[in-house]
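Novice: Here it is, the structure in full.
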Amino acid sequence: MKKLLFITNILMAVILSRFAISKLAGWEISVQAFIEMAKPLGIDPTFFRIATGILITIVVIGYFLTAMFSLLNKVIRNNATVPFTKWATYTNILGFLTMMGALIAEFSLRVQPKSLLVYIAIGIVLVSIANILIIKKAIKTES
């Protein structure tokens, strides 16, 4: 279980880190996308882009720490283990909700949704759901 959670969380962290960097660094493709998406909302595209970048960075850090905690829990077998299951559950819920928001934005705020972004968001939603189910199953097995 923990090996699968390590792999999926590190993979999601790596994939999303590219998007966090593009938003926070102000890459031209990201700037143009947020100008397009901010128009229907009537908000400042720079604020929208940076806020989204910060949110995705938080998700990336959560996924990365979940992966690291899964390694620590495997190595440390004493009473001093990291509260892994709650952290992993909350992180995957945050990732799920963030990507659901990305899908909503992609379909409601863009003139033409970008297929690759939609596929990545759907993939992260599905993997986050799978991870939550795996964690819940592990909690039931332990009790």
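Novice: Would you tally the residues in region 88-115 being of a type in the set (A, V, I, L, M, F, W, C), modelled with pLDDT of 95 or more and over 14 Å from residue 34 (Cβ atoms)?
Specialist: Final tally of qualifying residues: 9.
Novice: Considering 124, 139, 134, 120, which residue is touching a residue at least 40 places away in the same chain (Cβ under 8 Å), of a type outside the set (Ser, Thr, Tyr) and open to solvent by less than 30 Å² (accessible area, probe 1.4 Å)?
Specialist: Selected residue: 124, the only one of 124, 139, 134, 120 that is touching a residue at least 40 places away in the same chain (Cβ under 8 Å), of a type outside the set (Ser, Thr, Tyr) and open to solvent by less than 30 Å² (accessible area, probe 1.4 Å).
Novice: Also: Of all residues in region 97-124, which are under 17 Å from the mean Cα position of the chain (by Cα) and either basic (Lys, Arg) or under 17 Å from residue 4 (Cβ atoms) (or both)? Give the derivation first.
Specialist: Step one: of region 97-124, the residues under 17 Å from the mean Cα position of the chain (by Cα) are 97-106, 116-124.
Within region 97-124, 123, 124 meet the criteria.
Novice: Something else about it: Look through region 56-84, keep the residues that are hydroxyl-bearing (Ser, Thr, Tyr) and at pLDDT 85 or above, and return whichever of them is nearest to residue 25 (Cα to Cα).
Specialist: 57
Novice: Has region 39-52 got at least one residue that is assigned to a helix (DSSP H, G or I), open to solvent by less than 40 Å² (accessible area, probe 1.4 Å) and in contact (Cβ under 8 Å) with a residue 40 or more places away in the chain?
Specialist: no
Novice: For residue 109, are the conditions met, namely being farther than 17 Å from residue 65 by Cα and open to solvent by 30 Å² or more (accessible area, probe 1.4 Å)?
Specialist: No, not satisfied.
The values are calculated or read from the model by the stated rules, or taken from the named source; none is laboratory data. Since the model is a prediction, treat every value here as computed from it, not as a measurement. Reconstructed Cβ throughout: ideal geometry from the backbone, glycine too, with neighbour counts over all protein chains shown. Areas reflect the complete protein model, heavy atoms only, side chains present, ligands, DNA and RNA absent. Shrake-Rupley method; radii C 1.70, N 1.55, O 1.52, S 1.80 Å.
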